[in-house]
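Each remark here refers to the structure printed beneath this line.
The values are calculated or read from the model by the stated rules, or taken from the named source; none is laboratory data. What you see is a predicted model; the values in this text were computed from it and never measured. Cβ atoms come from the backbone with ideal geometry, glycine included; neighbour counts cover every protein chain shown.
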């Protein structure tokens, strides 16, 4: 099996050509297309063609939040690390992850919750437009749902792509049912890498606006 | 669909029970089992049952490297971010990622290579036992292969789990063919999350030794 000769700068473009070719007749609406493509690019898993959910107007809402300098909040430092920092800076956006914060650990311990839950409570205090990206912890989505239904914290967009086996499927259906602007990967799949990929795809769309 | 009530501390254990149950009759040798299980846990993708390759004695070699205080080198800051820092510290190990280093960017630009290639060259200068974990860049595996065959840099273990469409499959077969102690995910799948999961699984096995 021979190596294909591709210049470093062309690797990503060539990857998207291959994804495009393999999708074949499976078409995607123009607005969500770059996001689904990037999820597939990040995972080499075409399941994301079928499992990505977008609430109506979710991408438009995200772009408007990005233009207002939204704070991306992630539920892992890994997702934070994967978000393109120059792209954030181009739009006056920033990214926060509270998972390793001492006050979050203390709140989680004293309330008997996860740190992911306590991180949502901390983000609720930011007083800024937030895009909340969940790639790991279903408990973060459950807590977001509680805040949204109580009206105590309503992000501009929730990216709900936790991965796993315990309450992952349920938490995604819950956040979808809330009616909030939302991009989710239905089912068990997702991850910090997918969360970062969706954030980056949105930032790259914003670059072209 | 009801949420399952699981205490925060029990979520991981419960997840592994579910993976175990769904694997059913598909058995795994004891030594590689925790690594494959953790790759599935990280991705919710049972393909890792079939696609994980372990060179003979790879786990034993990894444990011995961990006990000698190996440096984990990753090809993304995302993978670095996902490796358990207290677990590293328990074994006197550390983790480095050179991808954002200025000298790496300069070497890549002047040699017309990727930063991943230049990062391998930088790691070759460490003069310490290295576990090299590649979750993103096939060019890193190709460069490792060149060093290994030339005898200029031979890591204790290579974790070859890049994801993608251009030279990913080929680069994994190349590193497997080198005969070096190696853990790889054959095919297109993998990622920074999988790279971190394999590193963590090895550290947790070392904890129990």
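The rows are residues; the columns are (1) at the interface with chain B (Cβ under 10 Å from one of its Cβ atoms); (2) closer than 21 Å to residue B:193 by Cα.
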site: A:170; (1), (2): yes, no
site: A:183; (1), (2): no, yes
site: A:186; (1), (2): no, yes
site: A:191; (1), (2): yes, yes
site: A:199; (1), (2): no, yes
site: A:206; (1), (2): no, no
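Scanning region A:135-158 for residues that are over 18 Å from the mean Cα position of the chain (by Cα) and either within 12 Å of chain B (Cβ to nearest Cβ) or not in a helix (DSSP H, G or I) (or both) returns A:146, A:151, A:152.
Take the residues of region B:156-193 that are touching a residue at least 60 places away in the same chain (Cβ under 8 Å) and out of contact with any helix residue (DSSP H, G or I) (no Cβ under 7 Å at 6 or more places or on another chain): which is nearest to residue B:38 (Cα to Cα)? Selected residue: B:176.
Here A:18, A:83 are screened, and the one residue that is closer than 30 Å to residue B:139 by Cα, surrounded by 22 or more Cβ atoms within 10 Å (Cβ to Cβ) and either within 14 Å of chain B (Cβ to nearest Cβ) or touching a strand residue (DSSP E or B) at 6+ places or on another chain (Cβ under 6 Å) (or both) is A:83.
Of the numbered criteria (1) buried (at least 18 other Cβ atoms within 10 Å of the Cβ); (2) touching a helix residue (DSSP H, G or I) at 6+ places or on another chain (Cβ under 9 Å), the one residue A:209 fails is (1).
State whether one or more residues within region A:119-129 are more than 24 Å from residue B:46 (Cα to Cα), under 13 Å from the mean Cα position of the chain (by Cα) and buried (at least 24 other Cβ atoms within 10 Å of the Cβ).
Taking region A:119-129 and keeping what is more than 24 Å from residue B:46 (Cα to Cα), we get A:119-129.
With under 13 Å from the mean Cα position of the chain (by Cα) added as a condition, the list becomes none.
No, region A:119-129 contains no residue that is more than 24 Å from residue B:46 (Cα to Cα), under 13 Å from the mean Cα position of the chain (by Cα) and buried (at least 24 other Cβ atoms within 10 Å of the Cβ).
The strands (runs of 3 or more DSSP E) located wholly in region A:1-99 include none with 3 or more residues which are at positive phi and at pLDDT below 95.
Of the set (1) without any contact (Cβ under 8 Å) to a residue 40 or more places away in the chain; (2) within 11 Å of chain A (Cβ to nearest Cβ), all apply to residue B:121 but (2).
Looking at this structure, is residue A:23 more than 11 Å from chain B (Cβ to nearest Cβ), free of Cβ contacts under 8 Å to residues at least 60 places away in the same chain and in contact with a helix residue (DSSP H, G or I) (Cβ under 6 Å, 6 or more places away or on another chain)? Working first, answer last.
Details: more than 11 Å from chain B (Cβ to nearest Cβ): yes; free of Cβ contacts under 8 Å to residues at least 60 places away in the same chain: yes; in contact with a helix residue (DSSP H, G or I) (Cβ under 6 Å, 6 or more places away or on another chain): no.
Here the answer is no, as residue A:23 does not meet what is asked.
Please pick out the residue among A:62, A:70, A:58, A:39 that is over 26 Å from residue B:137 (Cβ atoms), buried (at least 19 other Cβ atoms within 10 Å of the Cβ), away from every other protein chain (no Cβ under 11 Å) and in contact with a helix residue (DSSP H, G or I) (Cβ under 6 Å, 6 or more places away or on another chain). Even if it seems obvious, please write down each step before you answer.
On the way: A:70 fails: in contact with a helix residue (DSSP H, G or I) (Cβ under 6 Å, 6 or more places away or on another chain); A:58 fails: in contact with a helix residue (DSSP H, G or I) (Cβ under 6 Å, 6 or more places away or on another chain); A:39 fails: over 26 Å from residue B:137 (Cβ atoms).
Every option except A:62 fails the conditions.
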